[in-house]
Amino acid sequence: MQHYLVSSEYIDWKHPLVMAKAAELASGCLTDEAVAKCCFDFVRDSIKHSGDYRLNPITCKASEVLIHGTGFCCAKSHLLAALLRANAIPAGLCYRRLKVADDSRYYLHGLNAVYLKQHGWYRVDARGNKIGVTAAFCPPIEKLPYPMLGALERNFSEIWAEPLPMVVNVLTQSKTVEQVFENLPDVEVI
């Protein structure tokens, strides 16, 4: 579990602003599940999805996402992991391979797994709700926003302590939303 509590370059929960927001969100919560729900709701509802809103700059580090109030799904998952870890709740990163709407391409969609004492590992997706895309925090039932539709879409079972290098590369090398869309990270399915 220790790997899922570490502060690192991209899950930088020891950043003063991340620590302050984590403490604020946990205030008054009596259980790890209540803290996790508050953190999830904050990231889902208060941090704008860069692609939906066409917002720059492109963020990757949890602290950047918090400071700028925007991030793509993977960046938002970095912030949620950081807020949870700052509250001593193990959190990891998960990925799904999804088809780009009205396109032949696929991409890695980022979400989280949080370890809740009562339920074990529980996956949540704080990408942000919009028409046709709804996620919720209601353990033990997963309420993920995207159904698996295509034969080449996948739910990957791994829980990563750190972001995948290809995700970090796209988010740190892209300067605009359009550049991210042109270079969406993906893995081939065998």
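Every number here is computed from the coordinates shown, using simple stated rules; none is lab data. Given the structure is predicted, the values throughout are model-derived calculations rather than measurements. Heads up, the Cβs are rebuilt from the backbone with ideal geometry, glycines too, and the neighbour counts pull from every protein chain shown.
Test of understanding: ordering K76, K61 by Cβ neighbours within 10 Å, fewest first, what list do you get?
Least to most surrounded, the residues fall as K61, K76.
I'd like the FRET efficiency for H3 and V189, computed as 1/(1 + (r/R0)^6) with the beta carbon distance as r and R0 of 25 Å, rounded to 0.05.
After rounding, the FRET efficiency stands at 0.45.
From the Cα gyration tensor of segment 95-187, with a ≥ b ≥ c the square roots of its eigenvalues, which class applies: rounded if a/c is under 1.5, or else prolate if a/b is larger than b/c, or else oblate?
Judged from the Cα gyration tensor, segment 95-187 comes out prolate (a/c at least 1.5, a/b above b/c).
Determine, from the Cβ-Cβ distance of F181 and Q118 and an R0 of 41 Å, the FRET efficiency 1/(1 + (r/R0)^6), rounded to the nearest 0.05.
The calculated FRET efficiency here is 0.55.
Obtain the nm distance between the two label points defined at T172 and N56 by a simple spin-label model: each point lies 7 Å from its Cα along the Cα-to-C-beta direction.
For T172 paired with N56, the spin-label model returns 2.0 nm.
Would you mind ranking M148, M19 by Cβ crowding within 10 Å, fewest neighbours first?
So the ranking, lowest neighbour count to highest, is M148, M19.
Counting other C-beta atoms within 10 Å, which of T70, T176 has the fewest, and how do the rest follow?
T176, T70
I'm spelling it out carefully: the read-out is Rg and Dmax of the Cα atoms in Å, the candidates are (i) 19.2, 54; (ii) 15.3, 47; (iii) 17.0, 57, and one was derived from this structure. Which label?
After the calculation, the listed value that fits is (ii).
Suppose we flag GluC sites (Glu not before Pro) only when DSSP calls them loop and at most 13 other Cβ atoms lie within 10 Å. Which is the longest uninterrupted stretch of the chain?
10-157
Please give the FRET efficiency for D103 paired with D41, using the beta carbon to beta carbon distance and R0 = 25 Å, rounded to the nearest 0.05.
0.25
May I ask you to derive the relative contact order of the chain, considering only C-alpha pairs under 8 Å and at least 6 residues apart, and to give it as an integer percent?
23
Count charges around N129 for me, please; just the other residues with Cβ under 14 Å from its Cβ, Lys/Arg as +1, Asp/Glu as -1.
With Lys, Arg at +1 and Asp, Glu at -1, the neighbours total +2.
Taking 0.36 nm per residue of sequence separation and subtracting the Cα-Cα distance, how much length would be gained by fully extending the chain between R154 and L30, in nm to one decimal?
41.1 nm
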